[in-house]
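> Here's a structure for you.
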Amino acid sequence: MSEPDKHHKGFFHNLDLSAVLTLLGIIILFSTAIVVTLLAPRYVDPTWTAPSSAYQVQMYEVADPNFYISSATAGNPTLQFVYHLKNHYSLLLFHENEALRIVAPPELTQFITKYDEPTMKLTSNLMLLRKPEKNTHFDAIAAADTLRTDALNKWETAHPDWKEKKLVKPTIEILELYTPQGEDAFVVATTNGTIENWIDQNYKILDSSAQQDYHKDHGVIYIYNPQEYRVAHLQFNDTEGWTYDHNGEPIQSLQHLKSHPLGFHSRAELIAEGEHIYAIEGCWYCHTDQTRTLVQDVVANGSDSYPAPPSSANEYIYQKITFPGTRRIGPDLSRVGIKRPSRDWHRGHFWSPKTASQGSIMPAFRHFFDEDPRGTAKNLTGIPNYKFEAIFQYLMTKGTRITPPTQAWWLGKDPINTKAIIEGRGNVPE
Amino acid sequence: MENVKVVYEDRPVKLMLYPSILFMVFGMFVGVYMAFNTFLFPDYFSGEYVHFGRVRPVHVGSVTLLWLLSADVGLLYYFVPRLCGTPLWSPKLAYVAVTLWWSSFALGVLSYPWGTNFGWEYAELPTWLGMIPIKFITTIAWALTALNIMMTIATRKYEKMYVSLWYVMGTLVWTTFTYITGSYGVNWVPEGISRVNVSFFYIHNLVGLIFTPMGLASAYYFLPKLANTPIYSHRLSMIGFWAIAFVYAWIGAHHIMHGPMSQWLQTTAVVFSIWLFIPVWTVVYNLFATLKGHWAEYIQSAPIRFLMMGNIFYLITCIQGPLMALRNINEITSKTDWVIGHSHISLYGAFTFFAIAGIYQAIPVITKKPLWSNRLADWHFNLNLIGSVPFILALWLGGFWQGVLWATWANGTSYAEFHNNLTLLSFLDTIAQMHYFWVFRAIGGVIILFANILFAINIFNTIVLKPVPTEDKQLEKVKVTL
């Protein structure tokens, strides 16, 4: 062995040619692989970053951050849903139906979509419905009475023999359309907390120009017949709580809605929290989140009549962490929002998986519930807390947001020709 | 070669190896706990902090990071100076690195049950644990370790570099890059499948570019040492090295075959996965050819048995790996227990066996005492081998059966009939059929755990109980001929 040259003690002088070449070779080979496999794909394949549909974008960016969920009182499983409307942002529809008529001062009547009118008239001007009130500008009570009398007369004319047939006169609710103070409002509207109204044909937006980019999409998410959300506080012995009451106090601000005792979380926050729970509870060690391009996957996740579409890259673009999974000792979850949309089913299942699914090896997640240690709660299962709602909301995003609810997501999306394979017993026709 | 008397500083080796052995036993205990509490008696111990999802990363983190990676780093501290003919560049730096290493990795891994899981596989370490930046400290600890070893190589006395040093230099570059990519880089790319791609790149290269080169570096160093014979072919080992450098970084996408990943990327991963046969066969042949004519040593020495069995397991795992990337085989094996079997045979069967062989060779040298009990070492090997058979076979056969069940899940001539049949044989039925395989897996796990408790006892007694021999016997025979 030759001693290194005494005059060259530096790092590079001691690295002989073979070592330098080793390092250079490693770095060159490695960086080529990095460029091709890690950096290039998202520029080559647009589905890695482009959304799957306008509905997906609007659900995540418009609907979720402005939809709030809370349980009415501590220890009560009833959920409260509140939309946060913003002027020139949220799209609203005021639509009459068989049991509902709307009165409005003359300048607002154009925003009402009459019963049987074919085109839905949407607006982003902030307006709400309420029980008719009388003010200096417009006497809604009188207008409502007139409208009710007219409607009932019409009904009597349409059913001349209503007395003989012992028909009951219909109850017609009449609401007043009005413009509230301020730039935003907190409202209730019909919802189950997971699915939003979507319209992509026979509608027009009555704004003079498009107020938001999403208003220009070929379909929009809208709020149906919103009414102001008000609460009444209640005190029963040492139980403090509140409940929805349209004669109660209005919500002052977003801060008020989110802080104690109301304690609302936006659905966006809950989905993010659900993703975090999915990570820390290790759900992804047993469940996959991908419908593979294999017959067994698309059929297992499909409906009675159609295979599910295999997962595509753009389904995941709104997730901070994605859990495609490497193993299934629990079923795949990529279409769980379609297959198991019931909050009650998930409540029972998280409380006791072995009871809900015979033979399941899934652990019970009782920390998603506020248990009553003395066992005196009226609920057979515990009362779900925000962790349950978070994981539930997260799961409900799976498979439900690929295409708008008006377009059947399986149609024309069977790239592996599932039906042909099954019916041809393995022979895929051209 | 032994004309220069060098005093090697072995305290960093001890500081890495001793705790790692304890963590191996701990990690295997957690594994056995799960084999019972998740699979045989599901959710018997129930609750937020003890259920499968929270405990599994503790098992994986303990055996990969706290045991295998730490032990491998300890062995680097041991054999790199000896191959360079120079003491470790800076023992003080090593103490700093070791302190940061254990405090950050152990805290991070043990915190998972309290909900600190980062959410990416093998990269579960939390970014923050309260006020402690766990992930940052682990990175610093690795960087200091890498710097120390790199400088040791740079200041070496022996001009020519043995193949182990090539692998070590490779792993110093790759680990740094791979670890940073998997722990931080995953957040630097767009959300969704880009991150999945980075994650799978990390997952595969943690095994392929960290554990493989570290393990092979150890094997190439320790087999000639233990058997007292030169390596069969230095050139063949070089071919293996460059094939690994060429191939591994390309194949991350084979973890998501048939999944929502671009088809061309999947195909690229398949092609490069098949290339993996080259480095594997060079290693396996080289190690076997080295022992040719010295098989008596195999009978006499438990560490050599560990090394050669590890070599056989390495061969098996590396035949499986490329084949599992093929689309049709992947359809059956993917997402089943087969995958768990595959990961165990590589990290437990191959690289843990290599590391154990290395520890058996290193312990007498660094403690300057002979091993406490060679018989116990024999039992350690025998029980490990006996335990690994029901353990790994159960996972393979069970996993394969599960995959076949899914692939032939239902039958029918129309979609509706097919779907109906599939609904009748529910997913849970395919899980129920795994039960007896899981029984054998648990039995194997218990045997393996017991075997490695014996190992820990043996090493402990060597370190503590036996008095230092007065005579400085020549325990270290340098026989690495270049």
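> With only alpha-carbon atoms counted, please give the Rg and Dmax of segment B:63-195, in Å.
Here Rg and the maximum Cα pair distance are 16.2, 50 Å.
> Here's another thing I want to ask about it. Given contacts defined as C-alpha pairs under 8 Å and at least six residues apart, what's the relative contact order of chain A, whole-number percent?
The value is 17 percent.
> Treat the count of other C-beta atoms within 10 Å as a stand-in for reagent exposure and order B:Arg195, A:Arg343 from fewest to most.
The fewest-first ordering by Cβ neighbours comes to A:Arg343, B:Arg195.
> Follow-up. Determine ³J(HN,Hα), in whole Hz, for all residues of segment A:314-328 in sequence, where each value follows from phi through the Karplus function 6.51 cos²θ - 1.76 cosθ + 1.60 and θ = phi - 60°; x replaces Gly and Pro.
In residue order, the calculated couplings are 6, 5, 9, 5, 9, 9, 5, 10, 10, 10, x, x, 10, 7, 10 Hz.
> To continue, here is another question. Pop out the ³J(HN,Hα) list for segment B:221-238 in order, Karplus 6.51 cos²θ - 1.76 cosθ + 1.60 with θ = phi - 60°, rounded to Hz; leave Gly and Pro as x.
Result, ordered by residue: 7, 7, 5, x, 4, 5, 8, 6, 8, x, 5, 4, 9, 5, 5, 4, 5, 5 Hz.
> Antiparallel as a % of all DSSP beta bridges within chain A, to the nearest 5?
Antiparallel bridges: around 75 percent, rounded to the nearest 5.
> Nearest-5 percent of antiparallel DSSP beta bridges in segment A:78-228?
Here the share of antiparallel DSSP bridges comes out near 55 percent.
> Give the separation of the Cα centroids, segment B:292-371 to segment A:158-199, in Å.
Centre-to-centre (Cα) distance: 71 Å.
> With 10 angstrom as the radius, rank A:Lys258, A:Lys419, B:Lys160, B:Lys335 by how many other C-beta atoms surround their C-beta, starting from the fewest.
Going from sparsest to densest Cβ surroundings: B:Lys160, A:Lys258, A:Lys419, B:Lys335.
> Mind jotting down the three principal axis lengths of segment B:267-338 based on Cα atoms? Whole angstrom, largest first.
Extents along the principal axes: 44, 25, 13 Å.
> Sticking with this one: With θ set to phi - 60° and the Karplus curve 6.51 cos²θ - 1.76 cosθ + 1.60, what are the ³J(HN,Hα) couplings of segment A:206-211 in order, to the nearest whole Hz, using x for Gly and Pro?
3J(HN,Hα) across segment A:206-211, in whole Hz: 7, 5, 5, 9, 5, 7.
> From the P(r) of chain A, can you give the percent of Cα pairs sitting at distances over 41 Å?
For chain A, the fraction of Cα-Cα distances above 41 Å is 36 percent.
> Can you say what percent of the DSSP beta bridges in the protein assembly as shown, counting only those with both residues inside, are antiparallel? Round to 5.
Expressed as a percentage, antiparallel bridges in the protein assembly as shown total about 75.
> Here's something else I'd like to know. Leaving out same-chain residues fewer than 8 places away, which aspartates and glutamates sit with a Cα under 18 Å from that of B:Lys5?
Of all the aspartates and glutamates, those that pass the test against B:Lys5 - Cα under 18 Å, at least 8 places apart if same chain - are A:Glu3, B:Glu159, B:Glu471, B:Asp472, B:Glu476.
> Give me the distance in nm between label points sitting 7 Å out from Cα along the Cα-to-Cβ direction at B:Ile463 and B:Ile239, one decimal.
Here the answer is 4.2 nm between the modelled labels.
> Now for a separate question. Regarding segment B:1-118, what is the average projected area of its C-alpha convex hull, in nm²?
Here the figure is 8.5 nm², rounded to one decimal.
> If the only charges are +1 at each Lys and Arg Cβ and -1 at each Asp and Glu Cβ, what is the size of the charge dipole of chain A around the Cα centre, to the nearest 20 debye?
The dipole magnitude comes to about 940 debye.
> Over all directions, the average projected area of the alpha-carbon convex hull for segment A:57-199 comes to how many nm²?
12.0
> Taking each pair of different alpha-carbon atoms in chain B once, compute 1/r for the pair, average those values, and report the inverse of that mean as the Kirkwood hydrodynamic radius in Å to one decimal.
After inverting the mean inverse Cα-Cα distance, the result is 23.3 Å.
> I've got another one for you. Provide, in order from the shortest bin, the percent of all Cα-Cα pairs of segment B:90-152 in each 10 Å bin, continuing until the bin that contains the maximum pair distance.
24, 47, 23, 6
> Using helices alone, what [θ] at 222 nm do you get for chain B, with -39,500 (n - 2.57) per DSSP H run of 4 or more residues, divided over all residues and rounded to the nearest 500?
Calculated from helices alone, the mean residue ellipticity at 222 nm is -22000 deg cm²/dmol.
> In segment A:48-154, with Lys and Arg counted as +1 and Asp and Glu as -1 at Cβ, which of these residues, A:Val103, A:Trp48, A:Ala63, has the Cα nearest the positive end of the dipole, that is, farthest along it?
Of A:Val103, A:Trp48, A:Ala63, it is A:Val103.
> Continuing with this model, one more query. For A:Met120, enumerate residues with amide H under 5 Å from its amide H, sequence gap 5+ or separate chain, H modeled in the peptide plane.
A:Tyr203, A:Lys204
> With N residues in segment B:229-306, what two-decimal value do you get for its Cα radius of gyration over 2.2 N^0.38 Å?
Normalised Cα radius of gyration, segment B:229-306: 1.50.
> Given the convex hull of the Cα atoms of segment A:160-260, what is a quarter of its surface area in nm²?
If I average the Cα hull's projected area over directions, I get 12.7 nm².
> What whole-number volume per residue, in cubic angstrom, does the convex hull of the C-alpha atoms of the protein assembly as shown give?
Per-residue hull volume (Cα only) is 215 Å³.
None of the figures in this text is laboratory data; all of them are computed from the coordinates on show. Predicted model only: the values in this text are computed from it and were never measured. We place every Cβ from the backbone using ideal geometry, glycine too, and count neighbours over all the protein chains shown.
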